[in-house]
1. For the range 3-27, enumerate the residues that are surrounded by fewer than 15 Cβ atoms within 10 Å (Cβ to Cβ), among the small types (Gly, Ala, Ser) and farther than 29 Å from THR45 by Cβ.
2. Could you check how many residues of the range 1-48 are at pLDDT below 85, of a type in the set (S, T, N, Q) and over 60 Å from the mean Cα position of the chain (by Cα)?
3. If I go through the range 63-101 residue by residue, how many of them are under 12 Å from the mean Cα position of the chain (by Cα) and among the hydroxyl-bearing types (Ser, Thr, Tyr)?
Amino acid sequence: MAAIAFDTLTCARRLIAAGIPEQQADVLAELMAQAFVHNVDQLVTKDYLDARFDAFEQRVERRIDERLTELETRLEKRFAQIDSRFAEMDKRFAEIDRRFAAFDQKFAEIDGKFRLLYWMLGIIIASTTVPALAKLLGLG
C-alpha cells in the first residue's frame, strides 16, 4: 500500500481558521484522511504499470515466437514438398535429355546414310551423263 502524508492537525487548524467549528473541522480532517488512504489504495503506481507492461510484452513476444515457429515449420514442410517436386522434374528432364540424345544419334546415322546416297547418286549421274555428253558432242 502506498502512503501519502496527510496532516490532519494542519487541515483541522486551517478549517478552524476559515470559520468552521473545531469539532466539525476535526471530523472533516479525519474523513479526508480516510478518503485519501482509500483512494491511495486504488492508485496505479509506475512500478505496477512497468510490471504489467513487462508481463504483457513477454506474453506478446512469446505468442509471436510461437506463431513464427509454427510458420517456419509450415514453410519448411512446404519447401520440402517443392524440393521433392523439383527432384521429380529433374528426373523427368534427365529422361527427356536421354531420349533427345538417342534421337540425335539416330539423326546422325540417317545423315551418314544420306551422305552415302548423295555420293552414290553423284557417281551414277556422272558415270551415265559424262559418256552421253561425250557422244553428243562427238568426243568419244
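1. ALA17, ALA18, GLY19
2. Of the residues in the range 1-48, 1 are at pLDDT below 85, of a type in the set (S, T, N, Q) and over 60 Å from the mean Cα position of the chain (by Cα).
3. Final tally of qualifying residues: 2.
The values are calculated or read from the model by the stated rules, or taken from the named source; none is laboratory data. Remember, it's a predicted structure, so these values are computed and weren't measured experimentally. Positions of Cβ are backbone-derived with ideal geometry, glycine not excepted, and every protein chain shown enters the neighbour counts.
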